[in-house]
Amino acid sequence: MWALRAAVRGGAWLSRAVRGCRPPRAALLPPPPRPERALAAVRGGLGCSEGREGGRGGPRADGRRSRADGEEEPEDAEEEEDEEELLRRDPLLPSGTRRVCLVHPEIKWGPGKPQGTRAEWQVAEARALVCTLDGWSVVATMVVPTKTPDKKLIFGRGTLEQLTERIRGSPEITAVFLNVEKLATPTKKDLEAAWRVPVFDRFTLVLHIFRCNARTKEARLQVALAELPLLRSHVKSNVAHLGGRGRSSRYTMGSGESFLQVQQRLLRDREAKIQKALERLRRKRRLLGQQWRRREFPVVSVVGYTNCGKSTLIKALTGDAAIQPRDQLFATLDVTAHAGRLPSALTVLYMDTIGFLSQLPHSLVESFSATLQDVAHSDLIVHVRDVSHPETELQKASVLSALGGLGLPDALLESMVEVHNKVDLVPGYTPAEPDVLAVSALLGLGLDELMARVEDAILRATGRRTLTLRVRLAGPQLSWLHQEATVQAVDVIPEAGAADVKVIISDSAYGRFQKLFPG
């Protein structure tokens with residue numbers, strides 16, 4: 001649920017040996033080109049997430065971009081000011097410590113009954129959502145059966161009275177998290193009046209987590225876009241509370257518009273401005289993608305359910321010390337790119353994406369759908385699963401369902417590599433499927449096999465092949481190959497004044513080589 005301005009992390013892994021790389025066979029082979037140099041032209045167009053170390057050319061603390069040479073990129077000051085104004089919002093949830101009562105409505109029969117899961121697993125995920133927020137803790141958990149999940153107050157009269165008595169009788173409870181996707185505003189107000197504490201639904205809680213974790217301007221704008229349905233429901237509720245003045249003949253300051261019409265127009269204007277700002281950022285991202293494709297960097301999109309270990313795996317594969325994985329839901333909202341090297345010395349970009357979640361509110365899915373579209377432009381998808389989680393199969397289904405809705409090419413879906421992570425938490429684990437790889441990103445188990453599988457898939461997907469080319473030592477061919485291909489080894493033939501160069505090269509680059517250096 002992916003794509004935002006990426007931050008290429010290229011340098012950290014160079015200080016250590018890349019797993020599985022064989023040393024060159026000849027003395028003439030110079031050190032492999034540094035990925036940060038190979039990506040220098042690309043990096044200038046990338047945005048880095050705040051709070052992470054990034055390359056030059058990323059956004060500064062004030063949100064303005066700088067060039068690699070230290071000069072600021074000129075921007076439309078008015079547009080930038082408008083974007084910052086769109087990002088100034090009141091907090092969704094109260095600050096400070098909250099002791100939460102988690103109420104989970106359990107539907108035991110009927111069309112609304114969740115399939116493939118159990119109440120205790122849903123409660124565990126809901127608890128993890130609450131504990132993601134600083135200062136919030138769950139002090140009571142109530143799994144309450146209901147036959148009427150679609151009714152205004154969700155529970156029957158008797159059940160609601162029992163809930164009210166328990167919540168009012170527990171002074172340590174300062175808020176209630178009702179584990180439903182979204183509460184209607186009248187329902188929320190009635191429950192708060194009955195229970196005498198604030199009541200939050202899944203949409204509000206997840207949206208607030210997104211707000212806290214969004215770092216780049218694009219991610220923050222996407223969260224702002226997702227908030228609009230909530231703002232619209234608040235406007236309608238406030239108008240109704242004022243006695244329906246929005247439909248009356250009273251107008252605002254002689255404008256000919258009712259209060260409700262004014263508020264709706266302002267929200268439409270806000271939505272149009274957010275969409276316009278997002279489109280500006282997406283144009284920059286599309287340009288960045290063209291630069292990647294022009295330089296023929298293979299792209300590997302790493303996807304998976306939230307908190308499955310994607311960032312930890314990318315850190316293990318690249319050695320990028322700037323990546324700081326966090327054990328919490330939705331720690332990654334800003335898609336970032338990290339340069340890594342495969343055993344053949346081929347440089348690839350690993351794209352760290354936003355995690356998936358079952359029952360993710362629809363408006364949030366739509367707001368981040370453009371981010372997910374970047375997956376369609378990758379050369380390979382790596383699907384990471386947390387096999388230690390009791391709902392790992394349901395999580396897999398959620399991820400595949402979301403990917404299926406993106407209209408990805410069949411070849412990309414068919415070549416997807418499935419990785420079972422956190423096998424260190426499941427002693428003796430062996431995947432049942434023959435093509436699945438078992439790894440522990442934290443302990444480094446199974447990574448060599450994974451890199452070999454990624455390399456094989458990338459070579460097939462990008463039309464690259466391994467060739468041995470004889471070049472003259474005095475000519476420019478060797479230098480050209482270092483720039484346009486991945487040189488693996490150089491065997492010098494002194495008597496011929498030439499060398500046999502083993503390279504991984506794309507069909508297009510090989511065609512250019514033949515035209516430039518015929519014979």
*Inspect the range 117-129 for any residue being surrounded by 14 or more Cβ atoms within 10 Å (Cβ to Cβ) and among the acidic types (Asp, Glu) and give the result as yes or no.*
yes
*Hey, among Phe177, Phe200, Phe210, which residue is of a type in the set (Phe, Trp, Tyr), out of contact with any Lys or Arg (no Cβ under 6 Å at 6 or more places or on another chain) and open to solvent by 10 Å² or more (accessible area, probe 1.4 Å)?*
Phe200
*Report yes if some residue within the range 422-438 is more than 20 Å from Ala124 (Cα to Cα), within 21 Å of the chain's Cα centre (by Cα) and acidic (Asp, Glu); otherwise report no.*
no
*Within the set of pairs 6+ apart or on separate chains, which have a first residue in the range 259-279 that is assigned to a helix (DSSP H, G or I), a second that is open to solvent by less than 50 Å² (accessible area, probe 1.4 Å) and of a type in the set (Asp, Glu), and C-beta atoms under 8 Å apart?*
Arg265/Glu257; Ala277/Glu83; Leu278/Glu218
*Close pairs from the range 330-355: first of a type in the set (Lys, Arg), partner open to solvent by 10 Å² or more (accessible area, probe 1.4 Å) and modelled with pLDDT of 85 or more, Cβ under 6 Å, at least 6 apart*: Arg341/Thr347
*Can you name the helices (runs of 4 or more DSSP H) wholly within the range 287-372 that have at least 2 residues being at pLDDT below 70?*
362-367, 369-372
*So which residues in the range 461-519 are open to solvent by 30 Å² or more (accessible area, probe 1.4 Å), in a strand (DSSP E or B) and within 23 Å of Arg341 (Cβ to Cβ)?*
Arg464, Arg465, Thr466, Leu467, Thr468, Gln488, Asp491, Asp500, Lys502
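The values are calculated or read from the model by the stated rules, or taken from the named source; none is laboratory data. What you see is a predicted model; the values in this text were computed from it and never measured. Heads up, the Cβs are rebuilt from the backbone with ideal geometry, glycines too, and the neighbour counts pull from every protein chain shown. These accessible areas exclude ligands, DNA and RNA; they are computed on the full protein's heavy atoms, side chains included. Shrake-Rupley method; radii C 1.70, N 1.55, O 1.52, S 1.80 Å.
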